[in-house]
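Peer 1: This is the structure, below, for whatever I ask next.
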Amino acid sequence: MRTIIEPFRIKVVEPIRMTTRDERLHLLREAGHNVFLLRSEDVLLDLLTDSGTSAMSAEQWAGMMRGDESYAGSPSYYRFEEAVREVFGFQYVIPTHQGRAAERILFQTLCSPGDMVPSNTHFDTTRANVEAVGARAVDLLVPEGLRPSDVHPFKGNMDVARLEALIQEEGVDRIPLVMLTMTNNSGGGQPVSMANVRAVAEVCRSHGIPLYVDACRFAENAYLIKLREEGFEDRSVREIALEIFSWADGCTMSAKKDGLANIGGFVATRDEELARQQRNLLILTEGFPTYGGLAGRDLEAIAIGLREVLEEDYLEYRLASVRYLGEAIAAGGVPIVQPPGGHAVYIDAAAFLPHVTPLELPGQTLVAELYLEGGIRGVEVGTVMFGRRDPETGQESAAPMELVRLALPRRVYTQSHVDYMVEAILAFAQRRERVGGFRFTYQAPVLRHFTARFEPLYSLA
Ligand SMILES: *Cc1c(COP(=O)(O)O)cnc(C)c1O
């Protein structure tokens, strides 16, 4: 069959509250035109993030009931540990409440002030945790990863020559680990190839530097290797994932992504002594090593989710939805980061609204308009998120790219929801020349995108 269907049927439904354009205009004004400040009940299709928003399966809900809440030695922990060992191949597994806690524990045990941690691209919490221990986070993405319209199968790859050069310049002693983010969330959900994993691992091994994977979307990355990399067509996604991790010394994971769970994470390693130190830190802030800040029922949901996420019917449907959305709007003339990645479609708002200058916030304009048009909530990844205001002069500076991310929650929306998204985006495309920009009316000194308020420089009605 050519039609790819959702490989599940619906057992529990959650109604969506329909709204009119007039209602949305009012709600958006009340929220200072910042979609982070909307109530989620007022959103029809919520594409703000794929993190923690997955729909759990009947098996996971059954696991929730089986969850054992013993403080120490819960069978739920052992089922979780077994699942992580089976899927990732790491011996020592330390549960945490989410990915960033795993990152903090990893960097606090491996890094010292003045160190350097190279990655293809550090995710923002990863970068913040590297910097919090006084080390420097260095991004070594291949150049095609920074060019939105270039089509390349593995735009998440690390530039191996620059890694080798950095090690030569800085010296091995300054680089306590190398990281690979798979897929590369900040760079458009783009995958890393197996050839690149092997090449990076060989450089690391030749210098005795441990390699860690930020594994949040490992299953999507493994499936994209199967689809796009020669020699992997006939390998199972499970085998591909195991091979990825066989090249690494450990990983950090947010189970809110490819764990198909609503909360949780872990850090895993082959190094017994390191795991001992990490458990001591864990006890200080997260909890006893057999629960790490999670309930026993969460550990059950993750153990089941890590296996379900590798089912190829699921991954085929998942990647098909993202690709369908991306290709349909691109065919209608909307510029997107090519090719669509694993979990999201990124619209290039600077190219889509060329008459809106970066300081007039084209991404914010598009996000506000998509909410008005169809009740769709995306997120700006541009000047609002990464631009800066000089605290002395008040001078604003723009970010290098003006993107809008439409992240698809896992197993939540159906094909007709995606068709609706396409219709709304293309309807907006028809009238895009008539929109102006936005300006800040309030901004906090740090992480301003969460609480900022804006006003339009044109009539929204
Ligand atoms: C979400 C994410 C994290 C952090 O995980 P949290 O569970 O949100 O703390 C780290 N790295 C990447 C690539 C992510 O997408």
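Peer 1: Whole Å is fine, so just give me how far the alpha carbon centre of the stretch 185-215 lies from that of the stretch 141-169.
Peer 2: 11
Peer 1: Accessible area per residue of the chain at 1.4 Å probe, in Å²?
Peer 2: For the chain, the solvent-accessible area averages 42 Å² per residue.
Peer 1: State the Cα centre-to-centre distance between the stretch 271-321 and the stretch 399-419 in whole Å.
Peer 2: 25
Peer 1: Among the trypsin sites (Lys or Arg not before Pro) within the stretch 346-403, which fall in a DSSP loop and have no more than 16 other Cβ atoms within 10 Å of their own Cβ?
Peer 2: Numbers: sites: 377, 388, 389; in loops: none.
Counting only loop positions with at most 16 other Cβ atoms within 10 Å, none of the trypsin sites (Lys or Arg not before Pro) in the stretch 346-403 qualifies.
Peer 1: Under a 5 Å amide H to amide H cut-off, with H placed in plane at 1.01 Å, what residues pair with residue 117 once short-range neighbours are removed?
Peer 2: Here the answer is 136, 137, 138, since their amide H atoms fall under 5 Å of that of residue 117.
Peer 1: With a 1.4 Å probe and every protein chain kept in, tell me what percent of the accessible surface of the chain is carbon plus sulfur. Write down the numbers at each step before the final one.
Peer 2: On the way: 10060 of 19270 Å².
About 52 percent, which is the carbon plus sulfur part of the accessible surface.
Peer 1: How large is ³J(HN,Hα), in whole Hz, for each residue of the stretch 159-169 in order, when computed from phi with the Karplus curve 6.51 cos²θ - 1.76 cosθ + 1.60 and θ = phi - 60°, using x for Gly and Pro?
Peer 2: 3J(HN,Hα) across the stretch 159-169, in whole Hz: 7, 5, 5, 5, 5, 4, 5, 4, 5, 4, 5.
Peer 1: Which percent, nearest 5, of DSSP beta bridges in the stretch 58-308 are antiparallel? Before the final figure, lay out the partial values.
Peer 2: On the way: 12 of 24 bridges.
If I count the DSSP bridges inside the stretch 58-308, around 50 percent turn out antiparallel.
Peer 1: Do you know the relative contact order of the stretch 58-308, to the nearest whole percent, from alpha carbon pairs under 8 angstrom that are 6+ apart? Don't skip to the end; give the middle numbers.
Peer 2: Details: 522 pairs, mean separation 81.1, N = 251.
Relative CO of the stretch 58-308 lands at 32 percent.
Peer 1: Separate question: Report the FRET efficiency, 1/(1 + (r/R0)^6), for residue 313 and residue 124, where r is their Cβ-Cβ distance and R0 is 25 Å, rounded to 0.05.
Peer 2: Details: r = 33 Å, r/R0 = 1.30.
Here the calculated transfer efficiency is 0.15.
Peer 1: If you don't mind, there's one more thing I want to ask. Using only the Cα atoms of the chain, what are the Rg and Dmax in Å?
Peer 2: 21.9, 62
Peer 1: Then there is this: Once all Cα-Cα distances of the stretch 168-269 are split into 5 Å bins that start at 0, what whole-number percent is in each one?
Peer 2: All Cα pairs, binned at 5 Å, distribute as 3, 13, 22, 23, 19, 12, 5, 2, 0 percent.
Peer 1: With θ taken as phi - 60° and the coefficients 6.51, -1.76 and 1.60, list the Karplus ³J(HN,Hα) couplings across the stretch 144-150 in order, rounded to whole Hz; mark glycine and proline as x.
Peer 2: 5, x, 9, 10, x, 8, 5
Peer 1: Pop out the Kirkwood hydrodynamic radius of the stretch 58-308 from its pairwise C-alpha distances, inverse of mean 1/r, in Å to one decimal. Kindly include the intermediate steps, with their values, before the conclusion.
Peer 2: Values: mean 1/r = 0.0552 Å⁻¹.
Evaluated on the stretch 58-308, it is 18.1 Å.
Peer 1: Note down the net charge around residue 152, summing +1 for each Lys or Arg and -1 for each Asp or Glu among other residues with Cβ under 15 Å from its Cβ. Don't skip to the answer; put the middle values down first.
Peer 2: Working: positive: 147, 155, 228; negative: 144, 150, 159, 229, 230.
Around residue 152, the charge tally is -2.
Peer 1: Name the shape class, rounded, prolate or oblate, that the alpha-carbon gyration tensor gives for the stretch 117-236, where a ≥ b ≥ c are the square roots of its eigenvalues, rounded holds for a/c under 1.5, and otherwise prolate holds if a/b is larger than b/c and oblate otherwise.
Peer 2: On the way: a/c = 1.78, a/b = 1.48, b/c = 1.20.
Note, shape of the stretch 117-236 comes out prolate.
Peer 1: Once fully extended, how much extra length lies between residue 195 and residue 276, figured as 0.36 nm per residue of separation less the alpha-carbon to alpha-carbon distance?
Peer 2: Difference between extended and current length: 25.9 nm.
Peer 1: For the ranges 100-112, 238-250, 61-73, 2-14, what's the packing order if you count other beta-carbon atoms within 10 Å of each residue, average per peptide, and put the highest first? Display every interim value, and only then the final one.
Peer 2: Working: 100-112: 22.8, 238-250: 20.2, 61-73: 13.8, 2-14: 9.8.
Result, highest mean first: 100-112, 238-250, 61-73, 2-14.
Peer 1: While we're here: Report the equivalent ellipsoid semi-axes for the stretch 1-160 in whole Å, largest first, defined as the square roots of five times the eigenvalues of the gyration tensor built from alpha carbon atoms. Provide the component values of the computation, followed by the final result.
Peer 2: Details: eigenvalues 220, 165, 85 Å².
Its equivalent ellipsoid spans semi-axes of 33, 29, 21 Å.
Peer 1: Given contacts defined as C-alpha pairs under 8 Å and at least six residues apart, what's the relative contact order of the chain, whole-number percent?
Peer 2: Working: 957 pairs, mean separation 104.3, N = 461.
Relative contact order comes out at 23 percent.
Peer 1: Can you list residues whose amide H is under 5 Å from residue 452's amide H, if they're 5+ apart or on another chain and H is modeled 1.01 Å from N?
Peer 2: 444
The values are calculated or read from the model by the stated rules, or taken from the named source; none is laboratory data. What you are looking at is a predicted structure, and each value in this text was computed from that prediction instead of being measured. Please note: Cβ atoms are built from the backbone with ideal geometry, for glycine as well, and neighbour counts cover all protein chains shown. SASA here: full protein model, heavy atoms, side chains in, ligands and nucleic acids out. Shrake-Rupley method; radii C 1.70, N 1.55, O 1.52, S 1.80 Å.
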